[in-house]
């Protein structure tokens, strides 16, 4: 399916123009020959041999022919040809000039662009993201390593051809005036190099530039996120790493959320242990826990079906400890069709088929369809190549929707190319976890929801308080390094778990209180014996030594929550 503003959509118009020029030229040549033959049939001054007529005929295309120096009248065919032949010539010259100067004009437009976004890469991800940003009204400069076979139309995102790791190419893309950059090449190393090069060039050139770097390997992405969280932000750039499988898994439950308040007991099945399948299992548990407080009677049941399901599930449960708390986990080391036919004790409410090989995924989905006993329209199969055809009501929809389960095709790339979700970096996700755990703590102390502006869901939290949570999340790495800890992904069962002692907890609580005070003072708050959100007064805006014991303990509790917050994102603490 053609995407909005796809340059291939303009190919018919270009071909029609070229065909029109050719037809006009051929017709003019024919009419001119016949007209000249009639006009010179009795002439003694000009030759009327076929070769002479053809020579005079060709002269019509350069705005004149020798026989036309004689006064008319001329035959009708010649009158038509003496107008249409120059028209074909002028049109061809204009088209040639357009082709000659289009590249240079686009380079100039790209270099002079302002307030735009830069997308780097020749991948499908880069193409979809570029078109989606452009369709949303954003000005886009697309940096490609190779020129496209079809010249882009003026309405298509601006193209710069070159190596995005090169300073000259980034300058040609207008980096100094860009508002964001997306590195979407094939390899993680290339994307990281693009991000670092852009950060270096942007330094001291203006406001901080968000740089979103795609890392296809989820483990490497997690490792880079852990490393970067503990580093001070360099001037000129804010680097973030994203993985399309993680983004697409989050999008699944945003589009079709689990509803524990409607169905307290739900059961999902994930076939395949690909990165997307693993991300789906983790995101389902996270989504379920967020919508419903942990309760053994309302745990979500997750089954993973694959030849290595037991091993994969054990690794996931180690990396994300909340999985065992929020879910009942089952592993089936077998084929999907065999499981559906013989071993399932109940029909899943939803099934996600996530094989890397799309042919295998489609075959498994269609074969398993006859064994399906669950409700309709709840079998999701990853098929990136068919995603654009599955929701148009055409033949693809009929082929997939005619069985008992009504298969739903899901395109990971199409789902992940959401600029809003890509912008929700690790800091944003940790900020949300911080707030969720704050709500649990306040409820455990007897405070009811909506009793203060801060005791509400994340979606209803005022922007100022959201920013406070973001600032706290962003400062986690700095504080941990100050007491000799670094973040690492929770990779192996044998990895040593570190726990902070009371002295370290006290120091981090003091550091967090100092950071919070500076943040509040910068926002216009002042000390007051009683909290007043309208007048921006707060009793905690004082030195640590003067804090009431209950507020001190609240800071201690927040620090003790840090390892749990980080484990939710798949990290653990390691002492340097």
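Tabulated results
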| quantity | calculated |
| --- | --- |
| q = 0.11, 0.13, 0.17 Å⁻¹: log10 I(q)/I(0) that the Debye formula gives for region 415-481, counting C-alpha atoms only | -0.31, -0.43, -0.68 |
| At R0 = 22 Å, FRET efficiency that the Cβ-Cβ distance of residue 263 and residue 467 yields, to 0.05 | 0.05 |
| Neighbour-count order for 342, 190, 310, fewest beta carbons within 10 angstrom listed first | 342, 310, 190 |
| Simple label model, 7 Å out from Cα along Cβ direction - residue 255 to residue 448, nm | 4.0 |
| All-pairs alpha carbon distance profile, region 425-575, 10 Å steps from 0, percent | 10, 38, 38, 12, 2, 0 |
| Potential extension, residue 52-residue 481 segment - 0.36 nm per residue separation minus Cα distance | 145.4 nm |
| Per-residue Cβ neighbour rank within 10 angstrom, fewest leading, 542, 184 | 542, 184 |
| Taking 538, 445 and counting other C-beta atoms within 10 Å, the order from fewest to most | 445, 538 |
| Percent of Cα-Cα distances greater than 24 Å, calculated over region 7-101 | 30 |
| Label-point separation in nm, residue 310 to residue 515, each point 7 Å along Cα→Cβ | 4.3 |
| FRET efficiency, 1/(1 + (r/R0)^6) with R0 35 Å, evaluated for residue 499 and residue 456 via beta carbons | 0.65 |
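FYI, it's all coordinate maths here, none of it is from the lab. These numbers were taken from a predicted model, which means no experiment stands behind them. Please note: Cβ atoms are built from the backbone with ideal geometry, for glycine as well, and neighbour counts cover all protein chains shown.
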